[in-house]
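Throughout, read-outs are computed from the coordinates displayed, never taken from laboratory work. These figures come from a predicted structure and were not determined experimentally. Ideal geometry is used to build each Cβ from the backbone, glycine not excepted, and the neighbour counts take in all protein chains shown.
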Amino acid sequence: MKERLLDLLACPKCGGDILLAYANKYEEKEIMEGVLTCKKCEREYKIERGIPRFVDLNKIEPDKAATAENFGWQWTNFTQEDPRYNDQFLGWIKPVTSEFFKDKIVLEGGCGKGRHTKLAALWGAKEVVGIDLGDAVEAAYALTRDLPNVHIIQCDIFKLPLKKAFDYAFSVGVLHHTPDPEGAFLSVASKVKKGGNISAWIYGAENNGWITRFVNPVREKITSKMSHKVLYHLSKLPTVPLLLGTKLIYRPLNAVVPSLAKKLFYNDYLNHLGTFGWREQHCIVFDHLVAPTAFYIPKEEFEKWWKDLDAKEVQITWHNSNSWRGFGKIV
């Protein structure tokens with residue numbers, strides 16, 4: 001933990017300022033072990049392995065704990081990086097561009113292994129705070145530790161230990177895995193200053209009926225409850241035909257006969273997926289099978305989130321014909 005993160009922290013219980021009570025271990029400018037305390041209510045929070053810990057996973061709701069455990073395992077095992085993440089990330093947060101991040105204080109609501117946290121930092125953000133609930137924070141911290149403008153926090157997205165101090169917040173692929181997607185969205189938005197902006201990307205209900213009808217029951221009843229190592233290897237089986245189909249059918253047909261390719265099942269998404277190799281496609285298959293909770297949200301409901309937030313200049317657009325992305329201003 002970098003000491004200047006204290007300027008952005010607030011007690012998740014009472015909202016009081018957070019102080020550094022003491023530090024047991026430093027590595028260069030990083031506080032690796034120590035204790036934080038709330039100036040107002042005097043609650044204490046540990047710093048362990050360089051990460052401030054504002055949550056006890058033994059005391060959270062079972063559904064949150066299961067989600068944290070499963071995705072934590074995923075992101076500490078699928079730690080690969082890919083140069084295509086740049087364009088993929090910008091596709092999820094469009095109309096935001098890489099230049100938009102410059103000199104902004106940025107919050108990522110659910111950082112996973114930290115790949116977007118890192119990009120935001122490299123694109124010139126003044127400070128980037130990535131939060132996550134489970135062991136994914138270990139991977140995110142390892143990936144971003146050497147970046148002077150990145151901070152990783154372990155906490156509950158519904159109880160953020162942060163001040164209303166951010167110029168921009170985004171959440172990509174996380175809200176729909178929480179027990180209350182809109183509540184998580186509003187929680188992240190509550191930390192954005194007046195005049196700041198927020199982006200969100202979520203699974204859409206439209207065009208995904210085949211997933212909710214056939215895949216979700218298997219995920220809910222079987223695969224999300226399996227041993228992570230068993231699922232890791234089992235998920236390779238559907239990855240083989242997926243990889244072959246995207247590489248040998250979707251990508252070539254879209255390049256040569258796009259008018260015919262448009263008639264293919266799930267074409268926009270599978271053509272995009274074909275730009276990635278085995279490791280990333282395996283990760284995506286695993287991701288869809290490991291989640292204990294996953295909501296597919298219709299446009300009408302997504303629009304309601306932004307109305308409830310009273311956001312202005314809202315742009316909601318369809319992405320890869322299977323998901324919704326939104327961008328708006330906090331007033």
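Scaling against 2.2 N^0.38 Å puts the C-alpha radius of gyration of the chain at 1.00. The three principal axes of the Cα atoms in segment 1-50 give end-to-end lengths of 31, 17, 13 Å, sorted in falling order.
At a 10 angstrom cut-off on C-beta neighbours, averaged per residue, how do the peptides 69-78, 273-282 rank from highest to lowest?
69-78, 273-282
What is the local net charge at Trp201, summed over the other residues whose Cβ is closer than 11 Å to its Cβ (Lys, Arg +1; Asp, Glu -1)? Result for the neighbourhood of Trp201: +2. Fewest neighbouring Cβ atoms within 10 Å first, the residues Met1, Met226 line up as Met226, Met1.
Projected onto the charge dipole of the chain (+1 at Lys/Arg Cβ, -1 at Asp/Glu Cβ, origin at the Cα centre), which of Met226, Ile211, Cys111 gives the Cα projection farthest towards the positive end? Comparing the listed Cα positions along the dipole, Ile211 ranks first. The order of His176, His319, going from fewest to most other C-beta atoms within 10 Å of their C-beta, is His319, His176. For a 4.7 Å threshold on C-beta separation, the list of partnerless cysteines in the chain reads Cys111, Cys155, Cys283.
In debye to the nearest 20, how big a dipole does segment 1-50 give about its Cα centre with +1 on each Lys and Arg Cβ and -1 on each Asp and Glu Cβ?
Dipole about the Cα centre, nearest 20: 180 debye.
Would you please state the base-10 log of I(q)/I(0) at q = 0.20 1/Å for segment 172-289, with intensities from the Debye formula using one equal scatterer on every alpha carbon? Log10 of I(q)/I(0), two decimals: -1.18. Considering segment 111-224, its Cα convex hull presents a mean projected area of 8.3 nm².
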